[in-house]
Amino acid sequence: MAALLGAAAALVAAVDPHEPGHYPACPLLRWTGVLCPGCGGLRGLHALLHGDLAAALHANALAVAGYAAFVPLWTVWCVRAARHGGGMPVGALTRRRWALAALVLAFTVVRNLPCGAVLAP
C-alpha cells in the first residue's frame, strides 16, 4: 500500500494538475458549477510535494489538513497491526465521524459562497 501511495504521489508530483487534459475534471463542478470538498485536492498535493505550503492551502485547505492527518494515523494503524495483529478500532468513532462529516459539509458550503471565495481553488 505504501508503494502504491508513493507511486500515486510521484505521479501527481511529476504531472502538473494545473495543465488541462492530464486528470479528469470534477463531475460535480463540470455539471453544476459547485465546488465539491475535493476540488483542488490534486493541485494542493502537487504544490505540497513541491514544498509550496501556501499554494497547497489555497488550492484546498481541507485536503492539506487531511493529508497531514493521514500520515500519523496510518503510521499508528500500521504499528498496531504489526504488534497486535489488528488495526485501529473503528466502532467507537461515531461522534468523530459525524464531526468530520459536519466539517466537510461546512467547508463545502462556505467555499461555494461569495464570502468563502478565499477557500476556492
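What net charge is computed for the residues neighbouring residue 39, neighbours being all others with C-beta under 11 Å from the C-beta of residue 39, Lys and Arg scored +1, Asp and Glu -1? Summing Lys and Arg as +1 and Asp and Glu as -1 gives +3. Only helices enter this figure: runs of n ≥ 4 DSSP H residues, each worth -39500 (n - 2.57), summed and divided by the residues of the chain, yield -21500 deg cm²/dmol at 222 nm to the nearest 500. The residue among 36, 73, 116 whose Cα reaches farthest toward the positive pole of the charge dipole of the chain, with charges on the beta-carbon of Lys, Arg, Asp and Glu, is 73. Diffusion of the chain by Stokes-Einstein, at 37 °C in a medium of 0.692 mPa s and with Rh set to the Kirkwood radius over alpha-carbon pairs, works out to 204 µm²/s.
Each of 8, 104, 50 was placed along the dipole of the stretch 1-107 (beta-carbon charges, centred on the mean Cα), and the one lying farthest toward the positive end is 104. Scalar couplings 3J(HN,Hα) for the stretch 59-70, obtained by applying the Karplus form with A = 6.51, B = -1.76, C = 1.60 to θ = phi - 60°, are 5, 6, 5, 5, 5, 4, 5, x, 4, 5, 6, 5 Hz; x denotes Gly and Pro. If you take all other residues with their beta carbon under 11 Å from the beta carbon of residue 23, and give Lys and Arg +1 and Asp and Glu -1, the sum is -1.
Dipole check for the chain: with +1 at the C-beta of Lys and Arg, -1 at the C-beta of Asp and Glu, and the Cα centre as origin, the magnitude is about 560 Debye. The angle separating the long axis of helix 2-14 from the principal Cα axis of greatest extent in the chain is about 20 degrees.
Summary value for the chain: 24 percent relative contact order, contacts being C-alpha pairs under 8 angstrom separated by 6+ residues.
Since every read-out is calculated from the coordinates, none of them should be taken as a lab result. These figures come from a predicted structure and were not determined experimentally. Cβ: placed from backbone, ideal geometry, glycine included. Neighbour counts: every protein chain shown.
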